[in-house]
Amino acid sequence: MTKTPFHTHRVLYFQSQTLRLIHSPPPSLRLMAALSPEDPGSGTSDGPAEGLSGNYPTPLSPPYPPLSKDVELHRAMSAAARSGEYALSAADIVFEDQYLVVANKPSGVYCEAILSSLSSSLGSAIVKPEFHLANRLDRDTSGLMVITKSHKAAGRLVKAFTDHKVKKTYLALCIGYAPDWNKIRIRSGHGRSKFGAWRVYSTEAIGRTLPGGSMVKNMATSFEVLFINGKGKFGEPIDHEVNDVESVVVQKEAERSIADGKKSDQILIRACPQSGRTHQIRLHCQYLGIPIRGDVKYGGFHEWKGMTHDTHALHAESLSFEHPITGMPLRIQAPLPLWASEVCGDMPQKS
């Protein structure tokens, strides 16, 4: 199936804030990872002891909660079964030409299932494209995935992703206190802590060595609030010009806990990552006190309004990049997932 790409070249400058964190008190392998020491779900704190032992920096975000281990194992097993049966349909193809396929991946399916389904759909074709994943999404994240059909296209597009020349936007449904900002940029450190979990670190820790031998790296994300408790406006994705964002240094109290359960607003946000760190948006949402619904690993509600959520509400909404072969600017937008449509109400869908 071939769809005409939605071409645009827009830049919208905006005034917002930047949060800068400072000092602060194949599927079978995925199943093994769910039980590995890198995802203990033990609730053991890395806290000050880690900072003192070996002079390692102290993470600012909490460790995985005890509940996460069982939930992650269940989700991994379900995803392995679902991925083995998954078949890409024509409705899942958002854009295709002779060089690229852009698919709308469902949540709860591994990326490799998209490749396997594409290859099997060709049957006994004499000449088959050389499919490659140009980007990856977490198992439970839905949205746009780019698959190239040749080594040449793969090399160029993977480099574009690596060099951060591909602009990405995500939608996330968060539960927490309604933020007092509309647009904001948060910058922090990112790395694996003592027990292997991905954690948020202060910007002062960037470049310092972590227990596993890696270093704390820079991580930056822009956020925009779209809806709070069903009220708001859904605007088109925009390109955030990083250099024009106002820089503001904030203290630890910018984080708000929802542990007491006294106030829980439903917030639909758009996120634009300026770096490509693992679980970046999920970590920054957790730090801001608005964890993503269903994201048990990073503080999100497993149960919300009487329903158990088996995946987290994070969707890769749009991609903007230069076509690796033709050089034409492309902006491709995915249909909204059901949970976002319910928040936004009746509105036209674009793809």
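All of the numbers you see were taken from the coordinates with simple rules; none came from a lab. Since the structure is predicted, the reported quantities are computational estimates derived from the model, not experimental observations. Backbone-built Cβ (ideal geometry, glycine too); neighbour counts: all protein chains shown.
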Count charges around residue 308 for me, please; just the other residues with Cβ under 12 Å from its Cβ, Lys/Arg as +1, Asp/Glu as -1. +1
I'd like the distance between the alpha-carbon centres of the range 322-339 and the range 204-228, rounded to an integer number of Å. 26
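Ranked from highest to lowest mean number of other Cβ atoms within 10 Å per residue, what is the order of the peptides 156-166, 72-82? Write out the running numbers ahead of the final one.
Values: 156-166: 15.5, 72-82: 17.9.
Most protected by this proxy first, the peptides run 72-82, 156-166.
How would you classify the range 177-237 from its alpha-carbon gyration tensor, with a ≥ b ≥ c the square roots of the eigenvalues: rounded for a/c under 1.5, else prolate if a/b is greater than b/c, otherwise oblate?
On the way: a/c = 3.43, a/b = 2.74, b/c = 1.25.
Verdict is prolate for the range 177-237.
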Order these peptides, 168-174, 203-209, by their mean beta-carbon neighbour count within 10 angstrom, highest first. 168-174, 203-209
Rank by packing, highest mean first: peptides 106-116, 318-328, 187-197, with packing defined as the count of other Cβ atoms within 10 Å averaged across residues. 187-197, 106-116, 318-328
Structure shown: which of 165/194; 159/183; 105/168; 183/305; 105/149; 165/217 lie over 22 Å apart, alpha-carbon to alpha-carbon? 165/194; 159/183; 183/305
Quick check on the exposure proxy: order 233, 305 from fewest to most C-beta atoms within 10 angstrom. 233, 305
